[in-house]
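Report on the following structure.
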Amino acid sequence: MRCSPNPDRDRGRVYRRCGCRDDHHRQLGTRCPHLATDPHHGAWAFAVDAPSGDGQRRTIRRAGFPDELEARIALRRLNESLPVGVITDPRQTLADYLTAWLAEKALHLKPTTIARYRDYIHQDLIPALGAISLDDLTRRHLSAFVTAQLQHGRGRATVHRIMATLSSALSEAVTGERLARNPAKPPLISRPAAAERHLWTEEQAARFLRFTHVTDPMFADLAELMIGTGMRKGEALALRWNDVHLAERTLFVRATLSAIDNNQLLLTSPKTKGSRAWVALSDRVTNALEDRAGSHAFGQITPAGGYVFHRHGRPLHPKTALDRFHLLCDKSGVPRIALHDLRHLAASFAMAAGVALPVVSKTLRHRTLSTTANIYAELTRLAARAAVDAISWTLSTADRAVLGEPSCRARRPWHQNPRPHHRLAARQTPQEIEATTVWPMWPGDHTATTSRRDIKKAAPARSGNGLRPAIMQVGTTGFEPATP
């Protein structure tokens, strides 16, 4: 049985046109007389009618194909994608693709993430690369973009995030078989190392809390909550009294407060799925929240069910909270740190007190244990040192308990022992050093030429009765006493 042709696949027309102009500077297009005489004049193009979002039909025209076959292949690919609503336009620009990708992502991602993606796409990617066809985009284009951004003073972290956004969009084009490969992979710019984190000491944290409890009780309670529980800044600012259970000494993290474009305040879901969880409260944090519940905040009692930290019933703006925090740091005489670093203080103090890393990770509500280990790498190295020291102390204590005397410390391996010349007096001459120093026999420093039978052992001392004491020698049947 012969299959009937599909008219939708062959819809549209393929033609040849050029850019020549007449005396009035108008393009001739398909009316150029050279098209009939010169087969290499002009370029091939196609045109097809496609439905638009408003129910009307629009004509899609694409030109620049080197021959008729390429134009017909591109037309067929476009026709095959029209019934499912996906236009795989071979001449689709990067700007069109990124705009459509951003609109699709807005249905799934948080508003704060979409706002950041929108800034990167409309302010950076589209002005520089938007006119390039998606199929023609190469790694050379991206490399030139990265170089230009760095030369204009953009930070490496910012450029890395811009390229990560582009790479995410192009990866979905590869997954949907729109592109054969992602030109943004591997990354053209490596992720810059995180800046060295400078946290407060215990004394500095105590000094800040003592000062703020007197000058700004509300901010002192906010700092007590973040340090005592490890909550994120947005989670603490979004906390409502309905989620605080002082009798049970727990609270529930339900939302986080975000500022869209640093202007519009919005309650969104916490950072990860595991962030929505119950948080235990210590006596110190419970007392701080009890003080907040019974205090007057900015001339009014905290409304029932309202925000724990507020200004006239409205939540504190994250930027306002940060500015106030830095002002209090200056007045209390402690170094300025980020407000989010109070969360890091919670982990630092807990690990310094010997709390196990998995417990710290659960307390901070990290998604994985490796996240905690990577963020607090320096603290985990200190914890590892404390762990091996604890093992050594346990074994030494067991030795003393069994033998009733101080245990002998195991000799370090030869490659860990410093050579004696590191400890010689500086006033000794090389001849005196050579004459007085007994050098150890290091592997490779000598050749074994003396047999055991050539070594003469000193005779054991005799006891009071003139007999040598019995010694233990290894025999064929075990340890046997040897007679003198």
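The values are calculated or read from the model by the stated rules, or taken from the named source; none is laboratory data. These numbers come from a predicted model, not from an experiment. Neighbour counts run over all protein chains shown; Cβ positions are idealised from the backbone, glycine included. SASA here: full protein model, heavy atoms, side chains in, ligands and nucleic acids out. Shrake-Rupley method; radii C 1.70, N 1.55, O 1.52, S 1.80 Å.
Annotations
- Note on region 226-258: residues that are aliphatic (A, V, I, L, M) and farther than 20 Å from Thr272 by Cβ total 4.
- Restricting region 314-373 to residues that are in contact with a strand residue (DSSP E or B) (Cβ under 9 Å, 6 or more places away or on another chain), modelled with pLDDT of 90 or more and part of a helix (DSSP H, G or I), the residue that is least open to solvent (accessible area, probe 1.4 Å): Pro318
- Flag if Gly274 is part of a helix (DSSP H, G or I) and crowded, with 19+ Cβ neighbours inside 10 Å: no
Here is a yes/no grid of residues against (1) over 30 Å from Ala194 (Cα atoms); (2) open to solvent by 20 Å² or more (accessible area, probe 1.4 Å); (3) not in a loop (DSSP other than H, G, I, E, B):
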{"site": "Ala128", "(1), (2), (3)": "no, yes, yes"}
{"site": "Ala131", "(1), (2), (3)": "yes, yes, no"}
{"site": "Leu137", "(1), (2), (3)": "yes, no, no"}
{"site": "Arg140", "(1), (2), (3)": "no, yes, yes"}
{"site": "Val146", "(1), (2), (3)": "no, no, yes"}
{"site": "Arg154", "(1), (2), (3)": "no, yes, no"}
{"site": "Ile162", "(1), (2), (3)": "no, no, yes"}
{"site": "Ala169", "(1), (2), (3)": "no, no, yes"}
{"site": "Leu179", "(1), (2), (3)": "yes, yes, no"}
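- Checking Leu170, Leu199, Leu209 one by one, the residue that is in contact with a Ser or Thr (Cβ under 8 Å, 6 or more places away or on another chain) and of a type outside the set (Asp, Glu) is Leu199 and no other.
- In region 216-225 there is no residue that is part of a helix (DSSP H, G or I), crowded, with 19+ Cβ neighbours inside 10 Å and either hydroxyl-bearing (Ser, Thr, Tyr) or touching a Cys at 6+ places or on another chain (Cβ under 6 Å) (or both).
- Pro187, sole failed condition from (1) of a type outside the set (S, T, N, Q); (2) open to solvent by 10 Å² or more (accessible area, probe 1.4 Å); (3) not in a loop (DSSP other than H, G, I, E, B): (3)
- Qualifying residue in region 234-256 (condition: part of a strand (DSSP E or B), at pLDDT 90 or above, surrounded by fewer than 22 Cβ atoms within 10 Å (Cβ to Cβ) and basic (Lys, Arg)): yes
- Restricting region 65-100 to residues that are closer than 21 Å to Leu129 by Cα and open to solvent by 50 Å² or more (accessible area, probe 1.4 Å), the residue that is modelled with the lowest pLDDT: Ile87
- Residues within region 190-215 that are assigned to a loop (DSSP other than H, G, I, E, B) and surrounded by fewer than 18 Cβ atoms within 10 Å (Cβ to Cβ), tallied: 11
- When region 304-313 is limited to residues that are free of Cβ contacts under 8 Å to residues at least 24 places away in the same chain and surrounded by 13 or more Cβ atoms within 10 Å (Cβ to Cβ), the one that is nearest to Thr256 (Cα to Cα) turns out to be His310.
- For region 112-165, the set of residues classified as among the acidic types (Asp, Glu) and modelled with pLDDT of 90 or more consists of Asp119, Asp124, listed by residue number.
- Only one of the numbered conditions (1) in contact with a helix residue (DSSP H, G or I) (Cβ under 8 Å, 6 or more places away or on another chain); (2) over 13 Å from Tyr97 (Cβ atoms) is not met by Ser133, and that is (2).
- Here Ser258, Ser275, Ser282 are screened, and the one residue that is closer than 30 Å to Ile162 by Cβ and touching a Gly at 6+ places or on another chain (Cβ under 8 Å) is Ser258.
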